[in-house]
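Take a look at the structure below.
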Amino acid sequence: MKTILSIFVETIIQTLHLLKGFLPHLVVKIATTNWGSVESSVMDTYRRIRDLREDADITQTQMAKNLCCSQQAYSYYELGTRNLPVDILIRLARFHNTTTDYLLGLTDKRERPK
């Protein structure tokens, strides 16, 4: 009978074997990634959701109610101290009549295509 620990170790070993082929590509990707632009894009996301809320002239509490989350959780989203769950991202885009691409900083087109 296998113990949980032995199953865990086997799983780790199998995972490492699978990753061995991807490791050189991953190292190159990490080495060539411009982390400054990634960080800037992430901060743009949080700035955009704050700006959209302020443009709509609603409070964090009101926005949190629309998103079915607490005001504190929403505040963390705006501050960038908590990752945006996909369902919240989608609700934000729908509420503000924009796209998730705009919220994520992948485009500067604010309006959702018709």
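No value in this document is a laboratory result; all are computed from the given coordinates. What you see is a predicted model; the values in this text were computed from it and never measured. Reconstructed Cβ throughout: ideal geometry from the backbone, glycine too, with neighbour counts over all protein chains shown.
When only residues in segment 74-85 that are more than 10 Å from the chain's Cα centre (by Cα) and in contact (Cβ under 8 Å) with a residue 12 or more places away in the chain count, which is farthest from Met63 (Cα to Cα)?
Among them, the one singled out is Leu79.
Would you mind stating whether Ile88 is in contact (Cβ under 8 Å) with a residue 40 or more places away in the chain, surrounded by 13 or more Cβ atoms within 10 Å (Cβ to Cβ) and in contact with a helix residue (DSSP H, G or I) (Cβ under 7 Å, 6 or more places away or on another chain)?
No; evaluated as a whole, the condition is false for this residue.
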